[in-house]
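Please read the structure below before turning to the comments.
The values are calculated or read from the model by the stated rules, or taken from the named source; none is laboratory data. It should be emphasised that the depicted structure is a prediction, and the values quoted were computed from it without experimental measurement. Cβ sites come from the backbone with ideal geometry, for glycine too, and all protein chains shown count toward neighbours.
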Amino acid sequence: MTARPIAVVGASAAGLAAAEALRRSGWTGPLTLIGDEPHLPYDRPPLSKQLLHGAWEPERLLLRTEEQLAPLDLDLRLGTRATGLDTATRTLTLDGGERLACVGVIIATGVAARTLPGTEDIAGVHTLRTLDDALALRARLTGTGRRLVIVGNGVLGCEAAAVARELGHHVTLVGVEPTPMAAAVGTEVGELLAEEHRAHGVTLRTGAVDGFEADEHGVTGVRLADSGLLPADTVLLAIGSTPAVGWLAGDPALDTSDGLRCDAYCAAAPGIYAAGDVARWEHPVHGRPLRFEHRMNAAEQGMAAARNLLAELGESGERKEFAPVPYFWSDQYALKIQAYGILTGADRVEAALLDKEERRVAALYGSGGLATGVLAIGLPPRQVRTLRAVIAAPLPWEEAHPRLLAALG
């Protein structure tokens, strides 16, 4: 009888990290890696930066080449989509109808870009989540002088706006909230970023999209509910994402509200684990379920899920709770934005503008009397690492704030 495999569903950063950790941790049995895209595993953060800019080509985004993957002895299923999972038997259903009985499953299917109704058949309206998305948008932005409207002023929209301006295009950044990235970094830091975008020629608008104008050549404008038509020959929808859990909805044993709900060990059910953007797990330090769409978390959680699955299967030591200090970064123009901890939902933010001309900033974020996150712009790596130590675990604000000031020297 053929041994059942461990299957990793999702062939991006989290899935690849899980597959490699399974082999490093001693799994010698069959290992299947399933990815719905036809490409080898690649890195996503450069899609909205170096690749869109044209500084990098797709080959540079590969996380591993075919030769580097060979020692993993993978049953690699690219261009294949999982369409169902029976958690009781740990059996996957694939889009060709194949049923794959597994000894364990790690789900790392990530998220899908949100779209707006009526845009599917309009040329020039893009999303930016996959390599193919990025290449299509890059082709559209060949040359200079495009009129690009970016719908959504979060992290992705701001990064794309910076690249498009550097390429010489006319950029309008539209958000429902008046301040760019306010949901991620708060209003005070968001206002500083708004100043940076205006200084580089980006037009900032506030409003909800009411529809699109188009002709036989494609999009010609974006209608805002309260302020008329924005001329455009290219549109990027950067309005967030939804966890890729629709294929799991038929299994009552799984909670798929806002991602796949997991315990502190990243387990969603016996023998079923999750990692990366799709996973909403019980963070043991913060004491509540969290879901992070950040590159560092994807890799770290992929490794943790792999080790814990093997421990459950009796292949290695004991399971360990996954308790990272969340980290994200964003590059916009010459600004390097880095943050540790939890910034969203903060009810208190104190920012220190260390150098207005150089846009050097440090900010502390807190909720319920505890300091939970810290952000730095333009600070050297050593100082940023020092700031991380301030919120490695939530501290009372009165204790964390002096530590922040001391770290800034």
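If you go through region 188-229 and pick out every residue that is touching a residue at least 12 places away in the same chain (Cβ under 8 Å) and part of a helix (DSSP H, G or I), you end up with 8. In this entry, residue 268 is excluded by the filter for residues that are under 20 Å from residue 16 (Cα atoms), in the same structural domain as residue 49 (by TED's automatic domain parsing) and touching a helix residue (DSSP H, G or I) at 6+ places or on another chain (Cβ under 8 Å). With respect to the stated conditions, residue 342 is modelled with pLDDT of 90 or more and of a type in the set (A, V, I, L, M). Looking at 319, 288, just one residue is in the same structural domain as residue 20 (by TED's automatic domain parsing) and without any contact (Cβ under 8 Å) to a residue 60 or more places away in the chain, and that residue is 288. The set of residues in region 100-115 that are farther than 25 Å from residue 23 by Cβ and either surrounded by fewer than 16 Cβ atoms within 10 Å (Cβ to Cβ) or touching a Pro at 6+ places or on another chain (Cβ under 9 Å) (or both) comprises 111, 112, 114, 115.
Table: residues versus (1) over 17 Å from residue 261 (Cα atoms); (2) part of a strand (DSSP E or B).
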site	(1), (2)
282	no, yes
286	no, no
297	no, no
300	yes, no
311	yes, no
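Here residue 315 qualifies as over 24 Å from residue 192 (Cβ atoms) and either modelled with pLDDT under 95 or assigned to a strand (DSSP E or B) (or both). Residues that are in contact with a Ser or Thr (Cβ under 9 Å, 6 or more places away or on another chain), at pLDDT 85 or above and not hydrophobic (A, V, I, L, M, F, W, C) occur at least once in region 359-366. For region 171-182, the tally of residues that are farther than 23 Å from residue 355 by Cβ and crowded, with 19+ Cβ neighbours inside 10 Å stands at 5. Listed conditions (1) assigned to a strand (DSSP E or B); (2) touching a helix residue (DSSP H, G or I) at 6+ places or on another chain (Cβ under 9 Å) are all met by residue 163, apart from (1). When every residue of region 300-311 is checked against the conditions, none turns out to be under 13 Å from the mean Cα position of the chain (by Cα), closer than 22 Å to residue 389 by Cβ, of a type in the set (A, V, I, L, M) and assigned by TED's automatic domain parsing to the domain that holds residue 28. Residues of region 240-265 that are touching a helix residue (DSSP H, G or I) at 6+ places or on another chain (Cβ under 8 Å), touching a residue at least 40 places away in the same chain (Cβ under 8 Å) and not in a strand (DSSP E or B): 244, 245, 254, 265. The strands (runs of 3 or more DSSP E) found wholly in region 1-103 and carrying at least 1 residues that are within 19 Å of residue 312 (Cα to Cα) and modelled with pLDDT of 95 or more occupy 6-9, 31-35, 82-86, 91-94, 99-101. Could you list, in sequence order, all residues of region 365-408 that are on the phi > 0 side of the Ramachandran plot and out of contact with any helix residue (DSSP H, G or I) (no Cβ under 8 Å at 6 or more places or on another chain)? Once the filter is applied, which keeps residues that are on the phi > 0 side of the Ramachandran plot and out of contact with any helix residue (DSSP H, G or I) (no Cβ under 8 Å at 6 or more places or on another chain), region 365-408 yields 368, 378. Remark: residue 132 falls outside the filter, which requires a residue to be assigned to a loop (DSSP other than H, G, I, E, B) and closer than 30 Å to residue 151 by Cα.
Only one of the listed residues (89, 93, 130, 119) is over 16 Å from residue 238 (Cβ atoms), of a type in the set (S, T, N, Q) and either surrounded by 14 or more Cβ atoms within 10 Å (Cβ to Cβ) or without any contact (Cβ under 8 Å) to a residue 12 or more places away in the chain (or both). That residue is 93. Among the conditions (1) among the charged types (D, E, K, R); (2) at pLDDT 95 or above; (3) crowded, with 18+ Cβ neighbours inside 10 Å, the only one that residue 293 does not satisfy is (2).
Which of the residues belonging to region 188-207 are surrounded by fewer than 18 Cβ atoms within 10 Å (Cβ to Cβ) and either in the same structural domain as residue 351 (by TED's automatic domain parsing) or within 13 Å of residue 353 (Cβ to Cβ) (or both)? Matches in region 188-207: 188, 191, 195.
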